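Notes follow the structure.
The values are calculated or read from the model by the stated rules, or taken from the named source; none is laboratory data. Worth saying up front: this structure is predicted, and the values here are computed from it rather than measured. All Cβ positions, even for glycine, are placed from backbone atoms using ideal geometry, and neighbour counts span all protein chains on display.
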Amino acid sequence: MPKEYSRSSRVAEQIRRELAELIQLDLKDPRVGLVTLTDVEITPDYAHAKVYFSSFKGEAGVEEVLSGLGAASGFLRRELGRRVRIHTLPQLHFVYDRSVEQGDRLSRLIDNAVKSDQDAQHRPD
């Protein structure tokens with residue numbers, strides 16, 4: 001049986017797709033650079049949307065990217081209003097998503113643990 005999605009989750013996904021395209025194609029701010037939108041959470045009244053992003057600049061360039069996205073939020077919201085037809089267009093709040101870096105860090109820790117375990121098994125006593 002197909003999984004049912006709520007209207008708010010469909011709207012959030014549509015906002016994520018449209019914002020990703022706007023940032024990639026129309027945003028000219030060099031502070032933003034290459035960002036990936038990982039998720040959008042929208043309030044039940046559609047007044048606010050948390051837009052989670054990750055950046056190729058990593059944690060070191062987060063403040064710069066946040067200031068660029070903050071400066072462009074009016075432009076992004078206006079363009080979003082032209083593309084998505086909903087009664088209330090949400091205020092955009094950008095949040096850095098650390099889950100990609102944390103996943104990479106955990107993966108490296110697991111790889112190191114496996115390698116050291118294999119090295120210990122192959123060492124003659």
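In region 14-65, the qualifying residues are those that are of a type in the set (Lys, Arg) and more than 18 Å from Glu79 (Cα to Cα), and the one that is nearest to the chain's Cα centre (by Cα) is Lys57.
In region 99-110, the qualifying residues are those that are in contact with a strand residue (DSSP E or B) (Cβ under 8 Å, 6 or more places away or on another chain) and of a type outside the set (A, V, I, L, M, F, W, C), and the one that is surrounded by the most Cβ atoms within 10 Å (Cβ to Cβ) is Glu101.
Taking the numbered list (1) at pLDDT 95 or above; (2) assigned to a loop (DSSP other than H, G, I, E, B) in turn, Lys50 passes all entries but (2).
Pairs linking a residue in region 89-102 that is touching a residue at least 24 places away in the same chain (Cβ under 8 Å) and over 13 Å from Ser67 (Cα atoms) to a residue that is surrounded by 17 or more Cβ atoms within 10 Å (Cβ to Cβ) and aromatic (Phe, Trp, Tyr), with Cβ atoms under 9 Å and 6 or more positions apart or on different chains, are Leu89/Tyr46; Pro90/Tyr46; Asp97/Tyr52; Asp97/Phe53; Ser99/Tyr52.
Looking only at residues in region 72-88 that are in contact (Cβ under 8 Å) with a residue 40 or more places away in the chain and surrounded by fewer than 17 Cβ atoms within 10 Å (Cβ to Cβ), the one that is farthest from Ser9 (Cα to Cα) is Phe75. Would a scan of region 83-90 turn up a residue that is within 24 Å of Asp45 (Cβ to Cβ), part of a helix (DSSP H, G or I) and modelled with pLDDT of 85 or more? There is at least one residue in region 83-90 that is within 24 Å of Asp45 (Cβ to Cβ), part of a helix (DSSP H, G or I) and modelled with pLDDT of 85 or more. Checking region 99-113 against the condition returns a match, with at least one residue being of a type in the set (S, T, N, Q) and within 28 Å of Ser8 (Cβ to Cβ).
Within region 53-69, being more than 15 Å from Ala20 (Cα to Cα), among the small types (Gly, Ala, Ser), in contact (Cβ under 8 Å) with a residue 12 or more places away in the chain and not in a loop (DSSP other than H, G, I, E, B) holds for Gly61, Ser67.
Residue count for region 85-119 satisfying the condition of being in contact with a helix residue (DSSP H, G or I) (Cβ under 7 Å, 6 or more places away or on another chain) and of a type in the set (Val, Ile, Thr): 1.
Note on region 91-125: among residues that are under 22 Å from the mean Cα position of the chain (by Cα) and assigned to a loop (DSSP other than H, G, I, E, B), the one that is nearest to Glu41 (Cα to Cα) is Asp97.
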